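Have a look at the structure below, then the notes.
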Amino acid sequence: MLNRRLKILQFNTNFKQGGIQRHILDLTEHLRSQGHHVTLAGTPNVWGNADIDSDFEDVALSEVSSSEASVVSRVQAAFRCSKVLRSIIKKRGIDIVHSHETAPAIVARLALRTSSIPKVITYHGSAPERTQQFAKVSRFCANFVVSPSQTTLQQLIEFGVPSERTKVLGLGVDAKPKPSAPEVARIREDLGLLPDDRLCLSLSRLDFQKGIDVMIEVAAKVLPVHPNVVFAVGGTGPLADEVSGWAEKAGVSDRFKFLGSVSDVENYLGAADVFLLTSRWEALPISIVEAFRAGVPVIATDCGGVAELVNDNVGRLCRVGDVDQLASAIGEVMGNQALRDRLAAGALEKSTSSRFDPDTVHRAFESFYLDMLAKN
């Protein structure tokens, strides 16, 4: 394995708030702390732009990934972006290009079509109907495919990605501060919770992937039987203007709260009795690990690598889109304090796994990069 300082490009479609972006930024912070030079590139947004990071490069990847643009305009945008990227790689002397999502991987392939610079792509999960497409892009646009979940990598292998070109690299999640008891009490008061009320919390982007529509249906099943439950979702997203209307139409708006963007995650988790994830697809959600560390039982859908995290020792795993099973699981856990306590203890124990430890995971990425370059 080589032992030298690297120049790495972390390449993503955009730098909005999100789990992928957070993973990139956490990994970047570690690599920089070890003396490596990391350039971030993609469409700028609140979590990544030249004003907050002098090593950020603007590449208009949103024009490549836009679902509203024609195929011709997206292809033209890909070639424009590849020209910009080629210039960045030359200017900064990049050793490795690490793409996240398919648009940056395609652009990197175009930019490096005559270069031997290694190309990596991380599979963060995708809609089931897009898995085969992701596998095809991975085969032709990357030397290596990594993912935090063996389950999700296996999906790509079944669609033709050679297993020897895949690697599981964990998801380092930084520990949150301890919750503040006064803030926890304030949150429960602001949500209108009485002492015997139970909070079912979700921290999710408001988009189709996260199944907020399913969550509202679940609430409509739960509340007539367990009227002391309150549902709350922290997050923003493209469906932000619609979800409140869905809750009102379902007749649950008085017990279903949309919190908007949440910064003090530790205090909301401290206020929660159960963490709920109703996603249609995932790889390995950061939010579940955060719930484990807070000692909050997790009820989640069996998508991507979620089954690698959630079992009957820490919560309940339910079929994707199965409203009745999700509602039954919430009722079971919310209605039994002894069960919640046992699941909370299991969640805390699982949170100590090295696969979530930032230092362990990020050092594994560093070793992976160095080893890949040594073999290149």
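The values are calculated or read from the model by the stated rules, or taken from the named source; none is laboratory data. Quick caveat, the model's predicted, so the values are computed rather than measured. Here the Cβ is made from the backbone with ideal geometry for all residues, glycine too, and neighbour counts use every protein chain on show.
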| query | Taking region 362-376, which residues are farther than 14 Å from residue 34 by Cα and hydrophobic (A, V, I, L, M, F, W, C)? | reply | 368, 372, 373, 374
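Is one or more of the residues making up region 215-222 of a type in the set (A, V, I, L, M), exposed (fewer than 15 other Cβ atoms within 10 Å of the Cβ) and either assigned by TED's automatic domain parsing to the domain that holds residue 250 or closer than 26 Å to residue 96 by Cβ (or both)? Explain how you work it out, then say what you get.
Taking region 215-222 as the starting set, the residues that turn out to be of a type in the set (A, V, I, L, M) are 215-216, 218-220, 222.
Keeping just the survivors that are exposed (fewer than 15 other Cβ atoms within 10 Å of the Cβ) gives none.
No: region 215-222 contains no residue that is of a type in the set (A, V, I, L, M), exposed (fewer than 15 other Cβ atoms within 10 Å of the Cβ) and either assigned by TED's automatic domain parsing to the domain that holds residue 250 or closer than 26 Å to residue 96 by Cβ (or both).
Quick one: which residue in 162, 128, 177 is in contact with an Asp or Glu (Cβ under 6 Å, 6 or more places away or on another chain) and loosely packed, with under 15 Cβ neighbours inside 10 Å? Before the answer, list the steps.
Values: 162 fails: in contact with an Asp or Glu (Cβ under 6 Å, 6 or more places away or on another chain); 128 fails: in contact with an Asp or Glu (Cβ under 6 Å, 6 or more places away or on another chain).
Going through 162, 128, 177 in turn, just one is in contact with an Asp or Glu (Cβ under 6 Å, 6 or more places away or on another chain) and loosely packed, with under 15 Cβ neighbours inside 10 Å: 177.
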| query | Which residue, of 280, 319, 293, is within 16 Å of the chain's Cα centre (by Cα), of a type outside the set (Val, Ile, Thr) and assigned by TED's automatic domain parsing to the domain that holds residue 223? | reply | 280
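Tally time: how many residues in region 1-24 are farther than 25 Å from residue 376 by Cβ and crowded, with 17+ Cβ neighbours inside 10 Å?
Quick first cut of region 1-24, residues farther than 25 Å from residue 376 by Cβ only: 13-22.
Filter again for crowded, with 17+ Cβ neighbours inside 10 Å, leaving 13-16, 18-21.
Adding up the residues that qualify gives 8.
Filter region 202-214 down to the residues that are without any contact (Cβ under 8 Å) to a residue 60 or more places away in the chain and either more than 11 Å from residue 246 (Cβ to Cβ) or crowded, with 24+ Cβ neighbours inside 10 Å (or both) and list them by number. Break it down stepwise before answering.
The initial filter retains those residues of region 202-214 that are without any contact (Cβ under 8 Å) to a residue 60 or more places away in the chain, namely 206-207, 213.
Residue satisfying the conditions is 207 alone.
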| task | Would you check if there is a residue in region 88-101 being out of contact with any helix residue (DSSP H, G or I) (no Cβ under 8 Å at 6 or more places or on another chain), at pLDDT 95 or above, of a type in the set (Ser, Thr, Tyr) and closer than 27 Å to residue 287 by Cα? | result | no
| said: Checking residue 199 against (1) surrounded by 15 or more Cβ atoms within 10 Å (Cβ to Cβ); (2) more than 23 Å from residue 302 (Cβ to Cβ); (3) modelled with pLDDT under 95; (4) not β-branched (Val, Ile, Thr), only one condition comes out false. Which one? | reply: (3)
| task | Can you confirm whether region 72-83 contains a residue that is farther than 28 Å from residue 237 by Cα and touching a residue at least 60 places away in the same chain (Cβ under 8 Å)? | result | no
| request: Please enumerate the residues belonging to region 112-143 that are more than 20 Å from the chain's Cα centre (by Cα) and among the aromatic types (Phe, Trp, Tyr). | output: 140
| How many of the residues in region 319-376 are surrounded by 18 or more Cβ atoms within 10 Å (Cβ to Cβ) and basic (Lys, Arg)? | 3
